[in-house]
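So the structure is just underneath, and the comments pick up after that.
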């Protein structure tokens, strides 16, 4: 892929990819680094991008991979106390469990394996249904269902630990 083509893709899609990286990594500097990684991969593997049905989807998948790699390199996070403001404690009376689950899962995304991370991003960020996730990943709907159930159970357990038993 030529430098001009990469530059045009960056102008067109860069802000979308950066926003996605920020939502996954929850850190502006790390998201900017991941954004650069995405466009280096675009430069290297431009033919796959040119042939993609959806350019944005191709970039999102590469961004997901770059972000997951960064999360893995971060290593295990220290336990977060209730005083840590990066974990929102949501009032259940005003928000549904899916909002709570999304916030907790995205805060602790680095604790999951790559397949679970992928399901989390597709479900909570892209708002895909189980059937859409199954089609996008090639997994059965039952596998997707099990991974989403696992994510909900982990989110509830994390909320309970953070909130001292209240969920």
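Please treat every number below as a calculation from the coordinates, not as lab data. For clarity, every value in this text was computed on a predicted model and none was experimentally measured. As a convention, Cβ positions derive from the backbone with ideal geometry for all residues, glycine included, and neighbour counts pool all protein chains shown.
Distance between the pseudo-spin-label points of residue 29 and residue 161 (7 Å out from Cα toward the beta carbon): 2.6 nm. Each label was represented as a point 7 Å from its Cα along the Cα-to-Cβ direction; for residue 150 and residue 52 these points are 2.6 nm apart.
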